[in-house]
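Working notes for the structure below.
The values are calculated or read from the model by the stated rules, or taken from the named source; none is laboratory data. What you see is a predicted model; the values in this text were computed from it and never measured. All Cβ positions, even for glycine, are placed from backbone atoms using ideal geometry, and neighbour counts span all protein chains on display. Side chains are part of the model used for accessible areas, which takes the heavy atoms of the whole protein and leaves out ligands, DNA and RNA. Shrake-Rupley method; radii C 1.70, N 1.55, O 1.52, S 1.80 Å.
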Amino acid sequence: MKAQLVTGGAVWGHPEADAILLAGGQIAAVGRAAELADADAERVEATGCLVLPGFVDGHTHLVESGLAVSGFTLDAAGRARDDTLAMIAAAARTRDAGEWLILTGWDESRWPTREPLCRLDLDRLAGRAAVVAVRVDGHVAVLSSAAWSRARAVLEGRPKLIDATTGEVREEAVERVCALARPDGTALRDAVRAASRLCHRLGLTTVHVMSGATDPALLFEMAAGLRLRMVIHPPVESLASLLATGARTGHGDAWARWGAVKLFADGSVGARNAAFAVPYRSGGRGTLLLRAAQLVRWLETADRSGWQTAVHAIGDRAIAQVLRAHRAARTDPGLGHRIEHYEFPAPREVEATRALGLAVCMQPNFIGNWSGSGGLYETALGARRDAACNPLRAVLAAGIPLGFGSDGMPLGPLYGIASAMTAPHPGQRLTADEAISAYTAGAASLVPCGPGSGTLQPGAAADVVVVDGPLEGIGDRGARVVATWVAGERVTQETEAR
């Protein structure tokens, strides 16, 4: 692979530099272009641009994103309610009776009527197609009558998770229904390829994949050929079988390695089942999905076996439960156990998180999507809790290891960085440098992947992104990725900044 000299851009973290030399899959040098001149290197012009480490998304659902990009599922993200319904109707006309039709990404909190999809909508539009409409957060889905009929066997015995009148299913029931409609191996491979190409266009060079039980083997198989580094986080229910193979957190190679086992302490704000001490404005305090003793047992088993854990906890009651469980399990801070999302910690819980040596993976795009006047958080929980949510500033001030991820809502790091820079409340707001660090070195540190990961230090892997415009321009949401390298290989078609 020929060495490449990227010149003319501002090199993040190196104020005196205007060039970076990529050679042998590593960052060979950073400095002034005149000093790094190499007759054998291909010169890539980046004048007026910003050179950054490759972005690391600490929390993705790569297969699901790929299924949307490849067209296997319908993607309603960002669409109005009428557009979403029209999309369902058009797709249903191409389906045979009883054939699955999966829609993802709809979000009634951003519709003027705030009216969610329901079974009657789907039956009216889709005829006899088996429609499964999965809400943006993945914690709720609505089924048409035909889909309900096909899924009846996997829904029996779960009365708390289903509502036959509205066609709504929640949590584990969503996973079971979607598993019925899972595509074959060819479609899954197409989806992962499509997702990897999207990641490269967005500047992502490493992704932490929250995988289903059947995904890891496929991801390990494909990662190197895709030139996308993957940290794979299997469900905790897979732990026994993983231990039988000798796998542990960190095992793998430069392209695919094991991360943490994933657990769920609660649901989501949009589904009104994130667990809070004070009720939602509409009533109810949400749901703790694990009994305290079961959570402690999972943490103990994973910790003693060398496995990191990543526990989904959004509401303050769920976060408090997770902290109590770590205390009771006496988990090893050296394993870097994680809390995912961490949207509504009380101040005392921030301090307890630091004291227990836990890391957090937060989603700044959630701020951009749902915080501020009239947003989901204010509507569901009130202005005071909206102002206190996603306290990025407090997390950094406490010294808690912080990595950013997207949860696929949307996948793009630049949207998340801009959301953190322009957040509506001071406690949510970060500088450009702080936000970039959380989406590079911070996320890379959640499961260490080699020296210098997420930085532009000489000797680090040559995972590099060029972004159009200056550092300050990221906050106005006008910035775009114009070139991406992984291990020194250019993986995007566009190579010139202008």
Extend 7 Å from the Cα of GLU172 along its Cα-to-C-beta direction; within the range 236-270, residues with backbone N under 18 Å of that point are 236-241, 262-268
Measuring from its Cα centre, the range 1-149 shows a charge dipole (+1 at each Lys and Arg Cβ, -1 at each Asp and Glu Cβ) which, in debye to the nearest 20, is 640 debye
ALA224 and GLN457 label points (each 7 Å along its Cα→Cβ direction) are spaced in nm at 2.7 nm
Contact order relative to length for the range 111-204, counting C-alpha pairs under 8 Å separated by 6 or more residues, stands in percent at 23 percent
The relative contact order of the chain, taking Cα pairs under 8 Å that sit 6 or more residues apart, comes to a percentage of 18 percent
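Round to the nearest 0.05 the FRET efficiency obtained for ALA240 and ARG354 when R0 = 30 Å and r is the Cβ-Cβ distance.
Calculated value: 0.40.
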For the range 154-183, listing GluC sites (Glu not before Pro) in a DSSP loop whose Cβ sees at most 10 other Cβ atoms within 10 Å gives GLU156
Any residue on another chain or 5+ positions along whose placed amide H is under 5 Å from the amide H of ARG43 is listed here as LEU5
Computed for the chain: size of charge dipole around the Cα centre, +1 on C-beta of each Lys and Arg, -1 on C-beta of each Asp and Glu, debye to nearest 20, value 1380 debye
To the nearest 20 debye, the range 328-389 has a Cα-centred charge dipole, built from +1 on Lys and Arg Cβ and -1 on Asp and Glu Cβ, of 140 debye
With the dipole of the range 310-380 defined by +1 on each Lys or Arg Cβ and -1 on each Asp or Glu Cβ, the option from THR331, PRO345, VAL360 whose Cα lies farthest towards the positive pole is THR331
Scoring the range 121-175 by relative contact order with C-alpha pairs under 8 Å, at least six apart, yields a percentage of 33 percent
For the range 187-249, dividing by residue count, accessible area per residue (probe 1.4 Å) in Å² works out to 35 Å²
In terms of the charge dipole of the chain, which places +1 on Lys and Arg and -1 on Asp and Glu at the beta carbon, the residue among VAL6, THR84, SER282 farthest towards the positive end is SER282
